[in-house]
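K.L.:
First the structure, which I've put down as structure tokens, then a few questions once you've had a look.
Values quoted throughout were computed directly from the atomic coordinates according to the rules given, and no laboratory measurement underlies them. Given the structure is predicted, the values throughout are model-derived calculations rather than measurements. All Cβ positions, glycine included, derive from the backbone under ideal geometry; neighbour counts span all protein chains shown.
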Amino acid sequence: MKKIRGFISFVFVVILLIVGYVIYDGYSFHKETISAKPINVAIEEVKSKANYTTIDNIPDIYIKALVAVEDRRYYKHKGFDAIGTARAIYNDIKYKQLLEGGSTITQQLAKNLYYPMDASIKRKVAEVFTAFELEKKYSKEEMLEIYVNCVYYGSGYYSIYDASLGYFNKKPQELTDFQATLLVGIPNAPSIYSLDENPHLALERQLQVLSAMEECEYIDENELNLLKDAQKVFQ
């Protein structure tokens with residue numbers, strides 16, 4: 001028994017050392033990254049885009065749909081959501097497919113601003129530390145606004161304005177409820193859900209968005225059915 005306990009203690013210490021190193025490595029990467037380009041500079045680069053869209057020109061239903069499907073505890077956490085991450089892992093295992101990524105909207109914003117092409121564990125840890133910094137400096141509404149202006153919607157569209165105009169020939173504030181909830185689902189996997197490439201898959205993703213909205217009580221059953229009916233017309 002002593003040998004078993006000793007071995008378990010050894011394994012536990014090794015795991016702690018590995019986790020500690022990964023966290024330190026990620027934190028160092030975060031510090032190097034924001035030292036090279038401070039967060040306010042990265043934000044101003046997004047805000048200087050042509051056709052930057054302010055949050056008052058984004059349909060309310062779009063914001064609700066985004067929070068419901070990507071980060072339903074967005075207004076409660078400070079950049080990282082352990083509960084949301086655990087739920088995402090559970091659902092992915094339960095349904096045997098990657099339905100949820102677990103990253104908060106703040107983490108996704110950090111990724112879009114600094115680490116879009118990096119898929120390493122170090123990047124994932126750095127992303128969390130960068131998310132903490134964003135939460136300290138900006139309000140939830142400001143981060144949502146910046147997020148929709150730098151996220152990728154497929155087909156070469158890197159902002160909500162470009163996607164709205166490209167897919168629907170409308171400005172964001174002109175989107176219907178159906179179009180807004182359809183657009184929300186695309187950034188989850190833009191190459192897969194692009195309306196130009198796979199409109200049928202985008203519609204399937206929209207059903208996930210609508211289901212999440214109903215669970216969060218952002219829409220009722222009648223509104224859900226009306227949006228589902230709009231899908232049939234679109235098809």
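K.L.:
Quick one: what are the phi-derived ³J(HN,Hα) couplings along the range 63-79, Karplus 6.51/-1.76/1.60 with θ = phi - 60°, whole Hz, x for glycine and proline?
P.N.:
Working through the residues one at a time gives 4, 5, 5, 4, 5, 4, 8, 9, 6, 5, 9, 3, 7, 10, 8, 10, x Hz.
K.L.:
Taking the Cα centre as origin and putting +1 on Lys and Arg beta-carbons and -1 on Asp and Glu beta-carbons, what dipole magnitude results for the chain, to the nearest 20 debye?
P.N.:
Details: 27 positive and 31 negative charges, 276 e Å.
So the magnitude is around 1320 debye.
K.L.:
I'd like the orientation of helix 82-95 relative to the chain: the angle between its Cα long axis and the longest Cα principal axis, in ° from 0 to 90, rounded to 10.
P.N.:
The answer is roughly 70 degrees.
K.L.:
Oh, and also: Search the structure for amide H atoms under 5 Å from the amide H of residue 103, placed 1.01 Å from N in the peptide plane, and list their residues when 5 or more places away or on another chain.
P.N.:
Residues meeting the amide H criterion: none.
K.L.:
Still on this structure, please answer the following. Only Lys, Arg, Asp and Glu count, each charged at its Cβ (+1, +1, -1, -1), so figure out the dipole size of the range 7-86 about its Cα centre, rounded to 20 debye. Could the numbers behind the result be given before it?
P.N.:
Working: 9 positive and 9 negative charges, 29 e Å.
The calculation lands at about 140 debye.
K.L.:
Among 168, 192, 108, which residue has its Cα positioned farthest towards the positive end of the charge dipole of the range 2-234, with +1 placed on the Cβ of Lys and Arg, -1 on the Cβ of Asp and Glu, and the dipole taken about the Cα centre?
P.N.:
Value computed over the given set: 108.
K.L.:
Another question, if that's okay. Can you tell me what the convex hull of the Cα atoms of the range 2-234 projects to on average, as an area in nm²?
P.N.:
Working: hull surface 59.2 nm².
Mean orientational projected area (the range 2-234, Cα hull): 14.8 nm².
K.L.:
I'd like to know which of 226, 21, 202 lies farthest towards the positive end of the charge dipole of the chain, counting +1 on Cβ of Lys and Arg and -1 on Cβ of Asp and Glu.
P.N.:
21
K.L.:
Follow-up. Expressed as a whole number of Å, what is the distance separating the alpha-carbon centroids of the range 185-231 and the range 110-172?
P.N.:
One Cα centre to the other: 20 Å.
K.L.:
Quickly rank 208-216, 74-82 as a protection proxy: mean count of other C-beta atoms within 10 Å, highest first.
P.N.:
Details: 208-216: 18.6, 74-82: 15.6.
Going from most to least packed, we get 208-216, 74-82.
K.L.:
Karplus couplings for the range 46-56 from phi (6.51 cos²θ - 1.76 cosθ + 1.60, θ = phi - 60°), rounded to Hz, Gly and Pro as x?
P.N.:
With coefficients 6.51, -1.76 and 1.60, one gets 5, 5, 7, 4, 5, 6, 4, 9, 7, 5, 6 Hz.
K.L.:
Let me ask something else. May I ask you to compute the full-extension gain from residue 23 to residue 4, defined as 0.36 nm times their residue separation minus their alpha-carbon distance, rounded to one decimal in nm?
P.N.:
Working: separation 19, 0.36 × 19 = 6.84 nm, distance 2.85 nm.
Length difference between fully extended and current span is 4.0 nm.
K.L.:
Ordered by packing density, taken as the mean number of other Cβ atoms within 10 Å over each peptide's residues, highest first, how do 58-68, 38-48, 105-115 rank? Please report the intermediate quantities before stating the final value.
P.N.:
Numbers: 58-68: 21.3, 38-48: 13.6, 105-115: 23.0.
Packing order, densest peptide first, comes out as 105-115, 58-68, 38-48.
K.L.:
For residue 231 paired with residue 165, estimate the spin-label separation in nm (one decimal), with each label point 7 Å from Cα along the Cα-to-Cβ line.
P.N.:
Here the modelled spin labels are 3.0 nm apart.
K.L.:
Here is a further query. Pop out the ³J(HN,Hα) list for the range 117-127 in order, Karplus 6.51 cos²θ - 1.76 cosθ + 1.60 with θ = phi - 60°, rounded to Hz; leave Gly and Pro as x.
P.N.:
9, 9, 10, 7, 5, 4, 5, 4, 5, 4, 4
K.L.:
Just to confirm the filter: which trypsin sites (Lys or Arg not before Pro) across the range 131-206 are DSSP coil and have at most 16 other Cβ within 10 angstrom of their Cβ? List each step's numbers first, then the result.
P.N.:
Working: sites: 136, 137, 140, 170, 205; in loops: 170.
Here the trypsin sites (Lys or Arg not before Pro) that fit, given the DSSP loop and packing criteria, are 170.
K.L.:
Go ahead and estimate [θ] at 222 nm for the chain from helices alone: -39,500 (n - 2.57) per DSSP H run with n ≥ 4, summed, over the residue count, rounded to 500. Mind dumping the intermediate values first?
P.N.:
Details: 12 runs with 157 residues, N = 235.
One gets -21000 deg cm²/dmol as the mean residue ellipticity at 222 nm.
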